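The values are calculated or read from the model by the stated rules, or taken from the named source; none is laboratory data. Because the structure is predicted, anything quoted here is derived from the model rather than measured. Cβ sites come from the backbone with ideal geometry, for glycine too, and all protein chains shown count toward neighbours.
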Amino acid sequence: MISGPGPSHRESSDGAGRLFELPPELAIDTGIAQRVIAGFIRNQLRQAGFSRGLVGLSGGIDSALVAFLVAEAMGPESLLCVLMPYRTSSPESAEHARLVVDRLGCASDVVDISPMVDGYFGRDGELGAGGASAREASQLRRGNLMARQRMCVLYDRSVPWGGLVVGTGNKTESLIGYTTLFGDSACAFNPIGDLYKSQVRQLAAAVGVPEAIIRKAPSADLWPGQTDESEAGFSYPELDRLLFWMIDKRRTDEELLEMGFASTAVERVKRLVATSEFKRQVPPVAKLGPRTTGVDYLYPRRRPGSARR
């Protein structure tokens, strides 16, 4: 347990039980958040010369929320949701993804990534392209390849759709490194990258994401029964509170301990944040010339002439 001071959550209920836990200090004005994010989506697309976006729809709350936000900002006719199940994916994930598509009335594709993933790792004793070592790969290694394969599909689908890939990663995952480089972290822009998981739940409820999606345990659905919180050993509301005070409010270790957070939790989360810093930055470039891209040759996306005709 991470622990901490005061009442640890606020409950939202529709009469059928608790919908989500929201630490009081993380509550946001959802109306303002919707307005800001809608403007952000429109600006990012138009500055790059696009009017369409596409989202990898997993059936989870993050991608569902992003789909709702893009549909609100650009209209459902400008959104393509791509469902990319693996053969061991939960049937519930597909049901919930289809629920979002039906609710929004947007276009959708289904691409089964099983042949692609099994073609590398092998199946039923048969070697795949990855050879013998790939056949013995761990669940984590397989999960990372699945995440990257899904992004390959998304970027390929972006060409005939004529749109940009919209990111679905939240702030909590980014800070602790619970993301796959060039997999779920890859995107043209990310509307919810500054929202903690608890805030994602709050905004999802406000925009009308189906309650079945909000209530279920968050999972990357990388293998049967996998959930984020059981795998990592934390609850999102507790972790979000600690990250909020550690990162947003810049509290020292001593101050965090005085607030009631467990020392083991503080040390573990600090280590997770530090060791995943490389995932949050553009790859460094060895500087040789007078103006180096990404170092001292920097322009915003809205640079004149950058938009496509």
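When residue 49 is tested against (1) of a type outside the set (A, V, I, L, M); (2) at pLDDT below 95; (3) under 19 Å from residue 207 (Cα atoms), only condition (3) is not met.
State all residues of the stretch 190-206 that are surrounded by 18 or more Cβ atoms within 10 Å (Cβ to Cβ) and either closer than 23 Å to residue 90 by Cα or among the hydrophobic types (A, V, I, L, M, F, W, C) (or both); if no residue qualifies, say none.
Of everything in the stretch 190-206, those that are surrounded by 18 or more Cβ atoms within 10 Å (Cβ to Cβ) and either closer than 23 Å to residue 90 by Cα or among the hydrophobic types (A, V, I, L, M, F, W, C) (or both) turn out to be 192, 195, 197, 200, 201, 203, 204, 205.
With a cut-off of at least 3 residues that are touching a Ser or Thr at 6+ places or on another chain (Cβ under 9 Å) and closer than 17 Å to residue 180 by Cβ, name the strands (runs of 3 or more DSSP E) lying wholly within the stretch 51-149. No strands (runs of 3 or more DSSP E) qualify here. Only a single criterion out of (1) over 18 Å from the mean Cα position of the chain (by Cα); (2) within 17 Å of residue 197 (Cα to Cα) is not satisfied by residue 33, namely (1). Residue 136 meets all of the listed conditions (1) under 18 Å from residue 57 (Cα atoms); (2) at pLDDT below 95; (3) of a type outside the set (Ser, Thr, Tyr); (4) surrounded by fewer than 17 Cβ atoms within 10 Å (Cβ to Cβ) but one, namely (1). Within the stretch 174-221, being under 21 Å from residue 276 (Cα atoms) and without any contact (Cβ under 8 Å) to a residue 40 or more places away in the chain holds for 180, 182, 183, 186, 187, 190, 193, 194. Mind checking which residues of the stretch 80-116 are farther than 24 Å from residue 143 by Cα, of a type in the set (A, V, I, L, M, F, W, C) and without any contact (Cβ under 8 Å) to a residue 60 or more places away in the chain? Once the filter is applied, which keeps residues that are farther than 24 Å from residue 143 by Cα, of a type in the set (A, V, I, L, M, F, W, C) and without any contact (Cβ under 8 Å) to a residue 60 or more places away in the chain, the stretch 80-116 yields 101, 104, 106, 107.
If the condition is being small (Gly, Ala, Ser) and at pLDDT 90 or above, then the stretch 259-309 contributes 260, 262, 263, 265, 274, 276, 286, 289.
Scanning the stretch 219-257 for residues that are in contact with a helix residue (DSSP H, G or I) (Cβ under 7 Å, 6 or more places away or on another chain), modelled with pLDDT under 70 and of a type outside the set (Asp, Glu) returns 219, 220, 222, 223.
In the list 68, 121, which residue meets the criterion of being on the phi < 0 side of the Ramachandran plot and touching a residue at least 40 places away in the same chain (Cβ under 8 Å)?
Being on the phi < 0 side of the Ramachandran plot and touching a residue at least 40 places away in the same chain (Cβ under 8 Å) holds for just one of 68, 121, which is 68.
State yes or no: is residue 113 over 16 Å from the mean Cα position of the chain (by Cα), of a type outside the set (Ser, Thr, Tyr) and at pLDDT 95 or above? Answer is yes for this residue.
Being crowded, with 18+ Cβ neighbours inside 10 Å, hydrophobic (A, V, I, L, M, F, W, C), in contact with a strand residue (DSSP E or B) (Cβ under 9 Å, 6 or more places away or on another chain) and under 22 Å from residue 216 (Cβ atoms): is that true of residue 73 here? When the stated conditions are applied, residue 73 does not pass them. Residues in the stretch 17-50 that are surrounded by 14 or more Cβ atoms within 10 Å (Cβ to Cβ), touching a residue at least 40 places away in the same chain (Cβ under 8 Å) and either part of a strand (DSSP E or B) or of a type in the set (Lys, Arg) (or both): 19, 20, 21, 22.
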